[in-house]
Amino acid sequence: MDDWLDRLESHRDRPIDLCAITWTLGDAFGAWRAQYDHDVIAYPANTSGPHQDHIILHEVAHMVCGHQGRCVLSNEDAQRLAPDLEPAAFAHLLDRAVGAEEEQEAELLASLLYQRLTRAPQVTTAESDIARVEYVFGE
């Protein structure tokens, strides 16, 4: 995931900052906010790694699809969710209100990206059996 995000940053020529937050019942799982010179993706620190990856990819999908949405989170709620961040860095980051179609598109793209990023590499050379064994057991 980190390597793929690094390549995406390079391709888009703008950094992506990941911001782990504590999720509580009723909060949005994640959010993406485009800043003037970088993007910020918030995701819950208190969930499993695969779930975090899916949430991050869901927000990346909103980013690459150009979804806009509108912020519905107050500065106070943003500060409650991420007390260690300056309010200006986090205000209006979470809980974008987007249409159902955009959410479905982001969810589908996130699922496809996750499947692609987590599958074993395909080997098509004459050494494929050895390569598979090395992939499974390490070099």
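The values are calculated or read from the model by the stated rules, or taken from the named source; none is laboratory data. Note that the structure is predicted; figures quoted are calculated from it, not measured. Neighbour counts run over all protein chains shown; Cβ positions are idealised from the backbone, glycine included.
In segment 3-48, the residue that is nearest to Gln68 (Cα to Cα) out of those that are surrounded by 13 or more Cβ atoms within 10 Å (Cβ to Cβ) and hydroxyl-bearing (Ser, Thr, Tyr) is Tyr43.
Answer with yes or no whether Asp53 is acidic (Asp, Glu) and either within 20 Å of Pro15 (Cβ to Cβ) or modelled with pLDDT of 75 or more (or both). Spelling it out, Asp53 is indeed acidic (Asp, Glu) and either within 20 Å of Pro15 (Cβ to Cβ) or modelled with pLDDT of 75 or more (or both).
Gln68 fulfils the conditions (1) assigned to a loop (DSSP other than H, G, I, E, B); (2) closer than 15 Å to Ala106 by Cα; (3) modelled with pLDDT of 90 or more except for a single criterion, (3).
Determine whether Asp2 is within 12 Å of the chain's Cα centre (by Cα) and without any contact (Cβ under 8 Å) to a residue 24 or more places away in the chain. So Asp2 passes the test.
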